[in-house]
Amino acid sequence: MRLLILGASGAGKGTQAQAIAKHFDIRHISTGDFLREEIRPSTALCRAVKRLIDRGDLVPDELMLSIVHEILEGDDFILDGFPRTFAQALALDEICGRLGSPIDMALNIHVPDDDIIQRITGRKVCPDCKAMFHIIFYPPKQAFTCDNCGGTLEQRPDDTASTVRHRLKIYHERTVPIIDFYDRQNLLISTSGTGDVEEITQNLIELLEAKLLVAKLEKKMEKGIWR
Ligand code: AMP
């Protein structure tokens, strides 16, 4: 199964993608995590990419596409953080078509901008296992320490209030139009990302399973093999 998860930074894409990957036993591919891990400030290109990320700007499509091309080959996955532009969505279609395995469904998580700002500015991330915490809504049991692996929690450099506002502006201008792109292909599942994290996961899984079943039945009917 090949899934996408869409939504603004802070909507809970990473947390939900991790839970869904675990439930369906598929890979969780986060382009943001990939960039943060691969960036070694030793080359001029990496330094330029790091500056873009820290400022809350997007990494150019051409570079993102060459990265994604490599990491998409292989098993089933849930792709988190890609596509973020219309050009990336079109290119992803083309890559998946060439690999002979189209995207099965795009999940979209909606959270109001004010909530996003509150969430991101209090967010703490484990650099080792990528678990997310929040100083108010989901604090770790022990301050600054990851509940899962004991790593020292950090704030991402792009999680400041002004950078978050800039990222939201880019999200509305460049990423929101993609939601409609998947909706028109009848591949979209949208849900609110406000409320209990586990309930949101359960809701997404139920919607996804129902929609996949309907898509499968529709395909059978189209082929005339319905009994
Ligand atoms: P994320 O962890 O998904 O919030 O991504 C962090 C940052 O990585 C973004 O603000 C961008 O600078 C960069 N990034 C991640 N995915 C993409 C993408 N598909 N296209 C362009 N930039 C990206």
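The values are calculated or read from the model by the stated rules, or taken from the named source; none is laboratory data. Remember, it's a predicted structure, so these values are computed and weren't measured experimentally. No Cβ is skipped: glycine too gets one built from the backbone with ideal geometry, and neighbour counts run over all protein chains shown. These area figures cover heavy atoms from the full protein model, side chains too; ligands, DNA and RNA do not enter into them. Shrake-Rupley method; radii C 1.70, N 1.55, O 1.52, S 1.80 Å.
Considering only residues that are closer than 19 Å to Lys13 by Cβ and either in a helix (DSSP H, G or I) or more than 15 Å from the ligand (Cβ to nearest atom) (or both), which ones fall in segment 73-110? Give the steps one after another, and end with the answer.
The initial filter retains those residues of segment 73-110 that are closer than 19 Å to Lys13 by Cβ, namely 76-86, 88-89, 92, 103-110.
Scanning segment 73-110 gives Asp76, Phe86, Gln88, Ala89, Leu92, Asp104, Met105, His110.
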Residues within segment 163-209 that are away from the ligand (no atom under 16 Å from the Cβ), of a type in the set (Val, Ile, Thr) and in contact with a Leu (Cβ under 8 Å, 6 or more places away or on another chain), tallied: 2
Which condition number does Cys46 fail, the rest of (1) touching a Lys or Arg at 6+ places or on another chain (Cβ under 8 Å); (2) in contact (Cβ under 8 Å) with a residue 60 or more places away in the chain; (3) over 26 Å from Glu209 (Cβ atoms) being met? (2)
Select from segment 183-220 the residues that are touching a residue at least 60 places away in the same chain (Cβ under 8 Å), in a loop (DSSP other than H, G, I, E, B) and surrounded by fewer than 16 Cβ atoms within 10 Å (Cβ to Cβ) and list them in ascending order. Thr194
From Arg174, Arg123, Arg156, which residue is modelled with pLDDT of 95 or more and more than 30 Å from Val214 (Cβ to Cβ)? Arg174
Among the residues listed as Lys124, Lys141, the single one being more than 28 Å from Leu187 (Cα to Cα) and in a strand (DSSP E or B): Lys124
Going through Asp80, Asp75, Asp61, Asp33 one at a time, which residue ends up being touching a residue at least 40 places away in the same chain (Cβ under 8 Å) and more than 22 Å from Glu209 (Cα to Cα)? Asp33
Could you grab me the full set of residues in segment 1-24 that are out of contact with any Pro (no Cβ under 9 Å at 6 or more places or on another chain) and either in a helix (DSSP H, G or I) or among the charged types (D, E, K, R) (or both)? Lys13, Gly14, Thr15, Gln16, Ala17, Gln18, Ala19, Ile20, Ala21, Lys22, His23, Phe24
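Scan segment 72-92 for residues that are open to solvent by 60 Å² or more (accessible area, probe 1.4 Å) and at pLDDT 90 or above and jot them down. Give the derivation first.
If we filter segment 72-92 for residues that are open to solvent by 60 Å² or more (accessible area, probe 1.4 Å), which is where we start, we get 73, 75-76, 84, 86, 90.
Within segment 72-92, Asp76, Arg84, Phe86, Leu90 meet the criteria.
Yes/no matrix, rows are residues, columns are (1) touching a residue at least 12 places away in the same chain (Cβ under 8 Å); (2) open to solvent by less than 60 Å² (accessible area, probe 1.4 Å); (3) in contact with a Gly (Cβ under 8 Å, 6 or more places away or on another chain); (4) not charged (D, E, K, R):
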position	(1), (2), (3), (4)
Leu52	no, yes, no, yes
Glu70	no, no, no, no
Ile95	yes, yes, no, yes
Pro127	yes, yes, yes, yes
Pro140	yes, yes, no, yes
Ala143	no, no, no, yes
Quick check on segment 55-68: of everything there that is closer than 26 Å to Ile120 by Cβ, in a helix (DSSP H, G or I) and open to solvent by less than 50 Å² (accessible area, probe 1.4 Å), which residue is nearest to the ligand (Cβ to nearest atom)? Met64
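Scan segment 129-138 for residues that are open to solvent by 100 Å² or more (accessible area, probe 1.4 Å) and either in a loop (DSSP other than H, G, I, E, B) or more than 17 Å from Gly12 (Cβ to Cβ) (or both) and jot them down.
The initial filter retains those residues of segment 129-138 that are open to solvent by 100 Å² or more (accessible area, probe 1.4 Å), namely 135-138.
Answer for segment 129-138, where residues must be open to solvent by 100 Å² or more (accessible area, probe 1.4 Å) and either in a loop (DSSP other than H, G, I, E, B) or more than 17 Å from Gly12 (Cβ to Cβ) (or both): Ile135, Ile136, Phe137.
Do we have Arg40 as near the ligand (Cβ under 10 Å from one of its atoms), farther than 18 Å from Thr85 by Cα and not aliphatic (A, V, I, L, M) here? Step through it out loud before you land on a result.
Numbers: near the ligand (Cβ under 10 Å from one of its atoms): no; farther than 18 Å from Thr85 by Cα: yes; not aliphatic (A, V, I, L, M): yes.
Against the criterion (near the ligand (Cβ under 10 Å from one of its atoms), farther than 18 Å from Thr85 by Cα and not aliphatic (A, V, I, L, M)), Arg40 does not qualify.
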